[in-house]
Amino acid sequence: MKSLLTPVSLHTDLATLLIRLLFGGMFIFHGWPKLSNYSGMLEMFGDPIGLGTKLSLILVIFAEVFCGIFILIGFATRFAVVPIFITMLVAFFVAHAKDPFMNKMIPFIYLWLCLAIFLLGSGRYSVDNLIFNNRNKQQL
């Protein structure tokens, strides 16, 4: 039995699942109002990197809602975290560049969580594991 005092992970796959559920859920939470009130958001959404307001909003919705769902279920997790990472880079360094750190702390935390999720991957409790375990079993 693993002791609480040892530096060894108690259950990395369970921790990965919990981080994915929290992270993906938070992005769905942030993105859903943008998707459900698209026309209203379009009127007030900025164009932080010169792609146009409409394309910028569509990319943010894709990152937050669809990539959030992928991360939540553990499907293509490492690929899904990249658009979120880019969105948070833009939020932190461009959209909120002149804001005090307290106003841009959440994008900063999300940036670091993106890196952690990228390094951890999907884990055992994921759609990726179901897909790739079945493929590996079929190849044997």
Among the numbered conditions (1) closer than 26 Å to L51 by Cα; (2) among the hydroxyl-bearing types (S, T, Y); (3) open to solvent by less than 20 Å² (accessible area, probe 1.4 Å), tell me where S126 comes up short.
(1)
Would you mind listing the helices (runs of 4 or more DSSP H) fully within the range 1-83 where at least 2 residues are more than 22 Å from L120 (Cβ to Cβ) and among the hydroxyl-bearing types (S, T, Y)?
38-44, 53-61
The range 52-96: number of residues that are open to solvent by 50 Å² or more (accessible area, probe 1.4 Å) and either of a type in the set (D, E) or farther than 22 Å from L21 by Cα (or both):
7
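Each row is one residue, and each column tells you yes or no for (1) in contact with a Leu (Cβ under 8 Å, 6 or more places away or on another chain); (2) at negative phi; (3) touching a residue at least 12 places away in the same chain (Cβ under 8 Å).
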position: G50; (1), (2), (3): no, no, no
position: K54; (1), (2), (3): yes, yes, yes
position: F62; (1), (2), (3): no, yes, yes
position: I69; (1), (2), (3): no, yes, yes
position: G74; (1), (2), (3): yes, no, yes
position: F79; (1), (2), (3): no, yes, no
position: L89; (1), (2), (3): yes, yes, yes
position: A97; (1), (2), (3): no, yes, no
position: M102; (1), (2), (3): no, yes, no
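The values are calculated or read from the model by the stated rules, or taken from the named source; none is laboratory data. What you see is a predicted model, and the numbers here were worked out from it, not measured in a lab. Cβ coordinates were reconstructed from backbone atoms using ideal geometry, including for glycine residues, and neighbour counts include every protein chain displayed. For the accessible areas, the whole protein counts, side chains as well, though only heavy atoms, and no ligand, DNA or RNA atoms are used. Shrake-Rupley method; radii C 1.70, N 1.55, O 1.52, S 1.80 Å.
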